[in-house]
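Enquirer: Attaching a single structure in structure tokens format; questions to follow.
Read the figures in this text as sums done on the coordinates, not as results from a lab. Everything numeric here is computed off the predicted structure, so don't read it as measured data. FYI the Cβ positions are ideal-geometry reconstructions off the backbone, even for glycines, and counts take in every protein chain you see.
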Amino acid sequence: MVPPRPGCGRRPAAEGLSLEYGNARWNKQKIAGEVRKLVDRNVSHGGGLRIWCAEFGCYQRTIDPESRYRYLKDVRETFEENRIGWAYWSYNETLTIMTPSRTPFGPAKEQTPDPKTLEALFAPRPQ
């Protein structure tokens, strides 16, 4: 668990929600189940809305790389399977597409894109 910042007290309710969220094991089936609720609601109201996920991501420094790549791929594929537009957050911040050795918020010319992250986000789906 991440310790609270200096000057900030513990927030048991927030910690409980964070643990519950983390223990939910967000695999492709769980992601698809949550997205399906949104799609079903849209359909039940005529299906006229175009759904878009303005941003999603996965913090790079608190998860093993293979789990991160799998999560990003699972989310992207689930959105695309349900015709949901998406945008990834972010380019060179804490949820970066750059390699772990990057300098957060550093100059772009000194950054290297992570090929596996790019593959998770942009590889074509299997037919």
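Enquirer: Give me the orientation-averaged projected area of the Cα convex hull of the range 22-83, in nm², one decimal. Let's see the in-between values first.
Expert: On the way: hull surface 18.4 nm².
So the Cα hull casts an average projection of 4.6 nm².
Enquirer: Right, next: Once you mark the trypsin sites (Lys or Arg not before Pro) that are in a DSSP loop and have at most 11 other Cβ atoms within 10 Å, what is the longest gap between them in the chain? Please report the intermediate quantities before stating the final value.
Expert: Numbers: sites that count: Arg10, Arg25, Arg50, Arg83.
The reported range is 84-127.
Enquirer: What does the helix-only formula give at 222 nm for the chain: each DSSP H stretch with n ≥ 4 adding -39500 (n - 2.57), the total divided by the residues, and the result rounded to the nearest 500 deg cm²/dmol?
Expert: Numbers: 4 runs with 54 residues, N = 127.
Theoretical 222 nm ellipticity from helices: -13500 deg cm²/dmol.
Enquirer: How much length would be gained if the chain were fully extended between Arg83 and Asn27, taking 0.36 nm per residue of separation minus their Cα-Cα distance, in nm to one decimal? The partial results should precede the final answer.
Expert: Values: separation 56, 0.36 × 56 = 20.16 nm, distance 1.93 nm.
Taking Arg83 through Asn27 to full extension adds about 18.2 nm, to one decimal.
Enquirer: Once you place label points 7 Å from the Cα toward the Cβ at Glu34 and Glu119, how far apart are they in nm?
Expert: About 2.6 nm separates the two model spin labels.
Enquirer: Can you tell me the length gained on complete extension of the stretch Tyr59 to Lys109, counting 0.36 nm per residue apart and subtracting the Cα distance? Don't jump to the answer; show the numbers that get you there.
Expert: Working: separation 50, 0.36 × 50 = 18.00 nm, distance 2.20 nm.
Going from the current span to full extension adds 15.8 nm.
Enquirer: Now for a separate question. Efficiency by 1/(1 + (r/R0)^6): what FRET value for Glu20 and Ser90, r their Cβ-Cβ distance, R0 = 22 Å, to the nearest 0.05? Kindly include the intermediate steps, with their values, before the conclusion.
Expert: On the way: r = 26 Å, r/R0 = 1.17.
The computed FRET efficiency comes out at 0.30.
Enquirer: Continuing with the same structure: Any idea what the relative contact order of the chain is, in percent, if you count C-alpha pairs under 8 Å spaced at least 6 apart?
Expert: Numbers: 103 pairs, mean separation 27.7, N = 127.
Result for the chain is 22 percent.
Enquirer: How would Phe56, Phe79 line up from fewest to most surrounding beta-carbon atoms within 10 angstrom?
Expert: Numbers: Phe56 16, Phe79 19.
In increasing order of surrounding Cβ atoms, one gets Phe56, Phe79.
Enquirer: What helices does the chain have that are whole DSSP H segments, at least 18 Å long along their own axis by Cα, and with mean Kyte-Doolittle hydropathy of 0.5 or more? Intermediate values should be presented prior to the final figure.
Expert: On the way: long enough: 28-44 (23 Å, -0.78); 65-81 (24 Å, -1.75).
Qualifying helices, which must be both long enough and hydrophobic enough, do not occur.
Enquirer: Here is a follow-up. Sorted from largest to smallest, which semi-axis lengths in Å does the alpha carbon gyration tensor of the range 51-127 give for its equivalent ellipsoid, taking the root of 5 times each eigenvalue? Intermediate results must be reported in sequence, preceding the final value.
Expert: Numbers: eigenvalues 100, 34, 25 Å².
With the √(5λ) rule applied to the range 51-127, the semi-axes are 22, 13, 11 Å.
Enquirer: Here's something else I'd like to know. Find the centroid of the Cα atoms in the range 42-68 and in the range 72-103, then give the distance between the two in whole Å.
Expert: 9
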